[in-house]
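The values are calculated or read from the model by the stated rules, or taken from the named source; none is laboratory data. Given the structure is predicted, the values throughout are model-derived calculations rather than measurements. Counting neighbours? That spans all protein chains shown, and the Cβs are built from the backbone with ideal geometry, glycine included. Remember, those area values only see protein heavy atoms, side chains included, never the ligands or the DNA or RNA. Shrake-Rupley method; radii C 1.70, N 1.55, O 1.52, S 1.80 Å.
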Amino acid sequence: NLAPANLTEGTRENLGENINSPTDELLPVISPDGQSLYFTRQGHPNNLGYVEMQDIWTSKRNPDGSWGLATNIGAPLNTTDNNAAAAISPDGQTMLLLNKYKEDGTGEVGVSYARRLGDTWEKPIGQEIDNFYNRSVYGEYALAASGKTMILAIQRDNGSGGKDLHVSFLKPDGHWTEPNNMGAIVNTAGGESTPFLAADDATLYFSTNGRVGYGSKDMYVTRRLDSTWTNWSEPQNLGPLLNTPGWDAYYSIPASGEYAYFVSYQNSIGRADIFRAPMPSSVRPKPVVLIKGRVLNAKTKEPLGAEILYESLTTGKELGLARSNPVDGAYSIVLPAGEIYGFLGEAKGFIPVSENLDIQKLDVYQEITRDLYLVPIESGSIVRLNNLF
């Protein structure tokens, strides 16, 4: 079941020696703005733990579009155990990590959150998922741009075969709901793995060996049809550029949907390398708006660490939460097309400031810059109310 206008041979691009080494490069995670890349290196001599273990590495994109020399992200994200990034939030301030980090630096089955504090990362905190277990020794995870939905590729007792795709939702108390199997449309009697949920909150890419394909495991795309998270379109094979006669998995795309970043052993510098390929419109996610800017003190123009909440003005439902970097005030949120949104910046000691955006008719990806100026709570302060209807 090939996707229309599927990718063809000849357009894949190796990211080069600043990213790829003679060892394995795995699990690429591209930031929604396309400017930062996180990935896992296995067996590299500059890993923190034993040589054969896995560490998280990162690279920034240069102004000319090339990638800077990758560096080890360091402690506390990297330990002497295996470490890997599973997802990065649109604001770049929260990372979803494989394994629940323990005090001694080792990990156990599950996931953790790490938050950026200025230019460094805080110690990862294990996430509590109701009735969580995984019968497989492997597990992969994806996070929605809102930070409120997680896709889990794990093996459960009520599954279809090997690992299946499950969904879990963030609860008000900070815990996650029990993983719910996403159904027979996406899950097969084989094994599903390496899910990636696009910024539109509806387009899902994953790998499986339970369908007829080009090799031992192929990449597919499916689209969510309603709010149940169990009703999906029939998965479509992404074609012979991404899918080779070998094992093909791991997939990540920026909010623009312009490129797919993936892992391949074919024509690599060493072992597994990270490649990218342009995405045909037929397999891209729905358009989104990437809103970025800085949160600033309206009086002093100094940067602020603030929370940015965004909601649907149609339903009044809160959709997500972002945080600005306290060092430079930078923030970023992703909003899928088809809605009217309100977003609110707030920090302790300041009067919140709100903005609204109507993207009901958006049909192409856009980036918008909106700086948020928060007024200190002082006698005589004047505040502009943008969301008064």
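Using a probe radius of 1.4 Å on heavy atoms only, what accessible surface per residue do you get for segment 142-293? Whole Å² is fine.
On the way: 5060 Å² over 152 residues.
Normalised by residue count, the accessible surface of segment 142-293 is 33 Å².
Rounded, prolate or oblate: which fits segment 100-156, taking a ≥ b ≥ c as square roots of the Cα gyration tensor eigenvalues, rounded meaning a/c under 1.5, else prolate when a/b beats b/c?
Details: a/c = 2.43, a/b = 1.35, b/c = 1.79.
Note, shape of segment 100-156 comes out oblate.
Comparing 193, 332, 21, which has the greatest mean-square fluctuation in the GNM of the chain with Cα pairs linked when under 10 Å apart?
21
Have a look at 200, 119, 64 and tell me which one the Gaussian network model of the chain (Cα, springs below 10 Å) gives the largest fluctuation.
64
Given Cα positions, please report Rg to Rh for the chain, the hydrodynamic radius being the Kirkwood one.
Working: Rg = 20.8 Å, Rh = 21.6 Å.
Rounded to two decimals, Rg/Rh equals 0.96.
Over 26 Å between Cα atoms: which of 102/148; 299/348; 292/361; 102/292; 148/286 fall into that group?
On the way: 102/148 24 Å; 299/348 15 Å; 292/361 20 Å; 102/292 34 Å; 148/286 19 Å.
Going by Cα-Cα distance, 102/292 fall outside the 26 Å limit.
Rounded to the nearest percent, how much of the accessible area of segment 1-148 (1.4 Å probe, protein heavy atoms only) is carbon and sulfur?
About 52 percent, which is the carbon plus sulfur part of the accessible surface.
Pick out which of 120, 315, 194 has the largest mean-square fluctuation in a Gaussian network model of the chain, springs linking Cα atoms closer than 10 Å.
315
Would you mind pulling out the separation of the Cα centroids of segment 133-179 and segment 189-257, in Å?
16
Tell me which trypsin sites (Lys or Arg not before Pro) from segment 283-330 have a DSSP coil assignment and no more than 14 other beta carbons within 10 Å of their own.
Numbers: sites: 292, 294, 299, 301, 317, 323; in loops: 299, 301, 317.
Sparse-neighbourhood loop trypsin sites (Lys or Arg not before Pro): 299, 301, 317.
Starting from the alpha-carbon convex hull of segment 84-199, give the projected area averaged over all orientations, in nm². Could the numbers behind the result be given before it?
Numbers: hull surface 30.2 nm².
Orientation-averaged projected area of the Cα hull: 7.6 nm².
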